[in-house]
Amino acid sequence: MSAAAKVLAHAVLASLGVLVGLAGALVQAGWLPGGLLLALLAAAALFYGGLRAVGGQSGVVSSGAGWLAAVVVAGLGRGEGDKLLWGGLVDLVFVFGGTMIAVMCATLFATPQQR
């Protein structure tokens with residue numbers, strides 16, 4: 001894969017991470033417990049797909065960075081007090097679960113070239 005293709009792949013993965021993070025923040029508390037499971041499965045699919053698409057752990061890092069940025073912004077809210085994540089148990093499971101899934105994808109599923 002050429003350098004330009006890798007840069008483009010990482011940009012697409014980061015953008016997908018933002019989309020999956022925002023969608024997960026909206027869905028995770030809506031249809032409990034199915035929404036939480038759906039949000040975490042979508043994050044896992046993105047992280048593992050990034051690993052395989054780029055052929056290394058940098059795919060997980062770029063998609064995970066986009067996901068984490070979206071989740072943090074969703075949790076911060078606006079000045080009026082509107083926010084998507086309120087800090088309840090389900091929200092914490094979503095944030096920490098997604099982070100743990102990203103770490104597991106980066107460490108457990110190393111490609112054969114990395115071993």
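None of the figures in this text is laboratory data; all of them are computed from the coordinates on show. Note that the structure is predicted; figures quoted are calculated from it, not measured. All Cβ positions, glycine included, derive from the backbone under ideal geometry; neighbour counts span all protein chains shown.
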Please go through the stretch 47-75 and give me each residue that is of a type in the set (Gly, Ala, Ser), part of a helix (DSSP H, G or I) and farther than 14 Å from residue 104 by Cα, ordered by number.
53, 62, 65, 66, 69, 70, 74, 75
Just to be sure, is residue 51 within 30 Å of residue 3 (Cβ to Cβ), in contact (Cβ under 8 Å) with a residue 24 or more places away in the chain, surrounded by fewer than 20 Cβ atoms within 10 Å (Cβ to Cβ) and of a type outside the set (S, T, N, Q)?
no
Can you pull out the residues in the stretch 76-91 that are aliphatic (A, V, I, L, M), part of a helix (DSSP H, G or I) and surrounded by 13 or more Cβ atoms within 10 Å (Cβ to Cβ)?
90
Condition first: outside any helix (DSSP H, G or I) and surrounded by fewer than 17 Cβ atoms within 10 Å (Cβ to Cβ). Now tell me which residues in the stretch 1-46 satisfy that.
1, 2, 30, 31, 32, 33
Residues satisfying the stated conditions in the stretch 1-53, i.e. more than 17 Å from residue 102 (Cβ to Cβ) and not hydrophobic (A, V, I, L, M, F, W, C):
2, 6, 30, 33, 34, 35
Just to be sure before I move on: is residue 65 crowded, with 18+ Cβ neighbours inside 10 Å and under 9 Å from the mean Cα position of the chain (by Cα) in the structure I sent?
no
